[in-house]
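Notes to accompany the following structure.
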Amino acid sequence: MSTSTLTSKNTIQEWLDHSVGGPILRGVLARGGQTEEELRPARQLSLRALVEIGQGRFPQELVDMLVKEANDGVIPAEETEETSAPTANARFSGKTVIVSGAGSGIGRATARRIINEGGRVIAVDVASDRLDDLATASPDGSVVTVQADITSAEGRDAILTAVGGRVDGLANVAGIMDGMTPLHETEDELWQRVFAVNVDGTFALSRAVLPAMLAHGRGAIVNVASEASLRGNAAGTAYTASKHAVVGITKSSAFFYGPSGIRTNAVAPGPTATGIEGRMSSPFARERLSPFMALIPPVVDADQMAASITWLLSDDSANVNGIILASDGGWSVQ
């Protein structure tokens, strides 16, 4: 890529440092009432990552406009060249892996890595359009899409039907946040909704696939916990409690099913560029959490988190069972 060419694959920092792109990006931010300082935690991400994490505030059309404006009205060839996650080998050749939350963020990145390494993915999400995009961009036969709510029996039945036999792995990625809401402001509906997806969904989908894994005598389950499963100052009460529960499910499953050839581990992500809403809805929470949030490491893209998840799903981690892998840029050591 030429040093004079800017595309959405360039990092936000590279855009800000560019003599042409910098003023353009700062102008767009200013019109939206933002400053470049607000992008500081995400400066090492690509510009296109803002589409994923912007919650509609930074749509693809705006990225396309920025690229075109930075290149004298022309979309450079580099912009349309496809990039994919690096493939070390065919670790998932002949294997079928269920990935929940596969329509976006960490789930989609995980599904793509498994596909790129020869696996068949049962891609599960509540949003069918995102699943269609994944299937269209993947080789024939490598993806079976299932639009399903993992908290419902009907959804889980649809997933097992799509598997059609042996299941080698399960990545429980689907999850929701809680607006950083503290205990005294947490309403019943919020508590129940967070636990339904983060805990009940993980519990029920794992329970549904375990009989097939037990019959086969092997399998790997990876649950997505969170930095909030390791500490109390990373999220609100409902989310923190739910991810601690995920750790409990992980450790209990590792103990019970390890002798049967089934490994269960969890990844505790740090700040990651996904579409999950991470706003603070409570002034009380903002005042208490803000000093700690200022210490978080830089945001990484979903592919880096998917690398940790697929390692735990693969035979590369054959001797690893019951761990909570902090993939957080060192946040957990603070």
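The values are calculated or read from the model by the stated rules, or taken from the named source; none is laboratory data. Only a predicted model underlies this, so the values are computations on that prediction, with no experimental measurement involved. In this analysis, Cβ positions are derived from the backbone assuming ideal geometry, glycine residues included, and neighbour counts consider all displayed protein chains. When the accessible area is computed, the model is the full protein with side chains, heavy atoms only, and any ligands, DNA or RNA have been set aside. Shrake-Rupley method; radii C 1.70, N 1.55, O 1.52, S 1.80 Å.
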Setting aside same-chain residues fewer than 8 positions from K251, which lysines have a Cα under 23 Å from its Cα?
-> K243
What share of the DSSP beta bridges in the chain is antiparallel, in percent to the nearest 5?
-> 5 percent
Compute the acute angle (0 to 90°) between the alpha-carbon long axis of helix 283-293 and the principal axis of greatest extent of the alpha-carbon atoms of the chain; round to the nearest 10°.
-> 90 degrees
Read phi for every residue in the stretch 183-194 and hand back ³J(HN,Hα) as whole Hz from Karplus 6.51 cos²θ - 1.76 cosθ + 1.60, θ = phi - 60°, with x for Gly and Pro.
-> 3, 6, 10, 7, 7, 4, 4, 5, 4, 5, 5, 5
Crossing angle, helix 105-116 versus the chain [Cα axis fit, 0-90 degrees, rounded to tens] = 70 degrees
Mind telling me which of D17, D178, D303 comes out most flexible in a GNM of the chain, alpha-carbon contacts under 10 Å?
-> D17
Environment charge of Y257, counting only residues whose C-beta is closer than 13 Å and scoring Lys/Arg +1, Asp/Glu -1 = +4
Under a GNM of the chain (C-alpha, springs under 10 Å), which listed residue has the highest mean-square fluctuation: T240, T310, T136?
-> T136
Charge tally in the Cβ shell below 11 Å around V173, where Lys, Arg are +1 and Asp, Glu are -1, V173 excluded | 0
In deg cm²/dmol, rounded to 500, what helix-only [θ] at 222 nm does the chain give when every DSSP H run of at least 4 residues adds -39500 (n - 2.57) and the total is split over its residues?
-> -12000 deg cm²/dmol
Total charge of the residues flanking R26 in space, meaning their Cβ is under 12 Å from its Cβ, with Lys and Arg +1 and Asp and Glu -1, is -3
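Can you give me the accessible area per residue for the stretch 228-315, using a 1.4 Å probe, in Å²?
43 Å²
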Go ahead and set up a Gaussian network model of the chain, Cα springs under 10 Å, then flag whichever of V222, V67, V167 fluctuates most.
-> V67
